[in-house]
Amino acid sequence: MYTGKVESDEHDLRKYDFPLVDIPRLNCMDPQVDELIKSKKPVVLTGSNLVGAASKWDLDYLEKNMGNGDFTMFVSKGNQFKFFDEKKLVEMDSVSGAHIKNRPRKEYIRPAKRCTIKIQDFAKRIREWKDGDERIYLQQALNSTSGASVVQDFIRFRWDWVTAKQKLHNWGKLTYNLLLVGLQGNVTPCHYDEQENLFAQIHGHKRCILFPPEQFGCLYPHPVWHPHDRQSQVDLDNPDYERFPKMRDLHGFQAVIGPGDVLYIPIYWWHHIESVIPEKYTVSLNFWYKAGPVGEVEYPIKGYQKVAIMRNVEKMLAEAMQDPEEVGELLRTMVEGRFS
Ligand SMILES: CC1(C)c2ccccc2-c2ccc(C[C@@H](CC(=O)O)C(=O)C(=O)O)cc21
Ligand SMILES: [Zn+2]
């Protein structure tokens, strides 16, 4: 029986060097839920029925009912699907053409290639997938062009409940519902998003490892101008302690979520998400909300606010110096031996 507790034997979970504590699992009506969301702490919500209407969204149903659109799919040789922002390349060309020209192309080997596919072909590839084949991950924003019955299901989501959450916690507007269909073993490596996220699990199980924004220093994100902006440079599944010594100070929060669970991933919180056994594939739907308006700033400022400040400093310096290579040099000069 799936209890939601992180039973390693049930899902045969990988072990990590850093300590992990369980993310609380609470019924969505529990008043502690809003306490945790208010303080931007992760929580697994049960019994919300947020996407109950989608509980029948298995591969067969999606194949028959997602319409004939071209859906976005990522293909990866390994099991990692590292986000790659193509437009950063263009921006970098404009910001620092010189920097791009002399940068060896190997730097930008795209771990996951983006392409489009019909849902029927995608479903076939999932069914026929076997160990050694390249991995695939469908990621598609739900919209009115999805098939009629999928739209009908979408309308029947618990919009009353989720909109009440959005208002109570002063979140901004709902930007996306991303439908995600991935193979067992697919990993989305550690990264953060600048949006609040109610992550609804529909089919299969996902193991989620989260770190608070305060652990920014242990996760060594790429620079903001890099195509892997917001992604950690470290590979949790293959740690390089020489290059990234502060990984030793990591301590994470984890949850295995299954059908009907909704994980609140607070804005700026790092998350590493893996599709785990026993199901062959997983179906998830996220609800991304823009950050709410910045109210009264309280001091000392919070971890996530420091991340926003660091992002702005990096952007400003890259813009001011027109060459990202010089930013590190200037920051080192500014700090070394002066603020300790
Ligand atoms: C890896 C992938 C397919 C991708 C490739 C290229 C650009 C964007 C993305 C992207 C964005 C979101 C997710 C869902 C989830 C992780 C997960 O469930 O695997 C997550 O991180 C979130 O909901 O915030 C997954 C992806
Ligand atoms: Zn994410």
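The values are calculated or read from the model by the stated rules, or taken from the named source; none is laboratory data. This one's a predicted model, so the numbers in the text were calculated from it and none came from an experiment. When we count neighbours, we look across all protein chains shown, and the Cβ atoms used for this are built from the backbone with ideal geometry, even at glycine. Ligands, DNA and RNA are excluded from the accessible area calculation, which covers all protein heavy atoms including side chains. Shrake-Rupley method; radii C 1.70, N 1.55, O 1.52, S 1.80 Å.
A few comments on the model shown:
- Residues satisfying the criterion are absent from segment 240-250 (criterion: away from ligand 1 (no atom under 14 Å from the Cβ) and closer than 30 Å to Phe157 by Cβ).
- If you filter segment 188-210 down to residues that are within 14 Å of Lys40 (Cβ to Cβ) and surrounded by 23 or more Cβ atoms within 10 Å (Cβ to Cβ), you find that the one that is nearest to ligand 2 (Cβ to nearest atom) is Tyr192.
- Test: Leu178 is open to solvent by less than 20 Å² (accessible area, probe 1.4 Å), within 16 Å of ligand 2 (Cβ to nearest atom) and touching a residue at least 40 places away in the same chain (Cβ under 8 Å): yes
- Among the residues of segment 44-78, those identified as acidic (Asp, Glu) and in a loop (DSSP other than H, G, I, E, B) are Asp58, Asp70.
- Candidates Ile273, Ile265, Ile277 - the one that is hydrophobic (A, V, I, L, M, F, W, C), over 17 Å from the mean Cα position of the chain (by Cα) and on the phi < 0 side of the Ramachandran plot: Ile277
- Unique match (being surrounded by fewer than 21 Cβ atoms within 10 Å (Cβ to Cβ), of a type outside the set (Gly, Ala, Ser), out of contact with any Phe, Trp or Tyr (no Cβ under 8 Å at 6 or more places or on another chain) and closer than 28 Å to Leu13 by Cβ) among Gln254, Gln233, Gln305: Gln254
- Unique residue being at pLDDT 95 or above, within 21 Å of the chain's Cα centre (by Cα) and basic (Lys, Arg) when the list is Arg110, Arg25: Arg25
- Every pair of residues 6+ apart whose Cβ atoms lie under 6 Å, when the first sits in segment 68-85 and is near ligand 1 (Cβ under 7 Å from one of its atoms) while the second is among the basic types (Lys, Arg): Phe74/Arg114; Phe84/Arg110
- Residues located in segment 271-302, provided they are away from ligand 1 (no atom under 16 Å from the Cβ) and open to solvent by less than 10 Å² (accessible area, probe 1.4 Å): none
- Of the listed requirements (1) open to solvent by 20 Å² or more (accessible area, probe 1.4 Å); (2) within 20 Å of the chain's Cα centre (by Cα), Pro245 misses just one: (2).
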